[in-house]
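Enquirer: Take a look at this one; I'll ask things after.
What follows is calculated from the coordinates using simple rules that are stated; it is not laboratory data. Predicted model only: the values in this text are computed from it and were never measured. No Cβ is skipped: glycine too gets one built from the backbone with ideal geometry, and neighbour counts run over all protein chains shown.
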Amino acid sequence: MIGAMSLEATDGLQIDLRPGLKPDVAVLKVIGPLTIRNFFGFQDATRSNKERVLIVDLAEVPFMDSAALGSALGLHVSCEKNGRKYALVNVSPRLQTLFTVCGVQDVLVTFPTVQEAEAALA
């Protein structure tokens, strides 16, 4: 079980990690634009998390570039390979458009809220 922690990434990105309401669930809240300048902090946080379910809350991510989208796809591949589950939640219309334009809207696991993702995956 993880404890709550805040990780300051570069270029204004903040990442907060807290336990979910159910056992073996972590919620990673990303705050700020997620870009090539700072996605390594996001990537490190997702790779170091060992909970069975990782929920990534994107409510406060106004923008994501293709490099950051690649790291989200890396999370998908890693979870598939290691038998873990993940979800991207609170995806803004702008990010949803990015997913659609790039053709990954049916690849990435998304839910409207943290609660819905936790209920479905945990």
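Enquirer: Which entry is the computed semi-axes √(5λ) of the Cα gyration tensor in Å for this structure: (i) 23, 18, 13; (ii) 20, 17, 13; (iii) 70, 11, 10?
Expert: Answer by label: (ii).
Enquirer: At R0 = 25 Å, how high is the FRET efficiency between PHE40 and GLN115 if r is their beta carbon distance? Nearest 0.05 is fine.
Expert: 0.30
Enquirer: When the helices in the chain are scored as -39500 (n - 2.57) per DSSP H run of 4 or longer and the sum is shared across all residues, what 222 nm value do you end up with, to the nearest 500 deg cm²/dmol?
Expert: Roughly -11000 deg cm²/dmol at 222 nm, from the helical runs in the chain.
Enquirer: Right, another one. Could you name the aspartates and glutamates in cross-link range of LYS81, using Cα to Cα under 15 Å and dropping any fewer than eight places away on the same chain?
Expert: GLU51
Enquirer: Pop a pseudo-label 7 angstrom from the Cα along the beta-carbon direction at both ASP106 and ALA122 and give the gap in nm to one decimal.
Expert: Between ASP106 and ALA122, the label points sit 3.1 nm apart.
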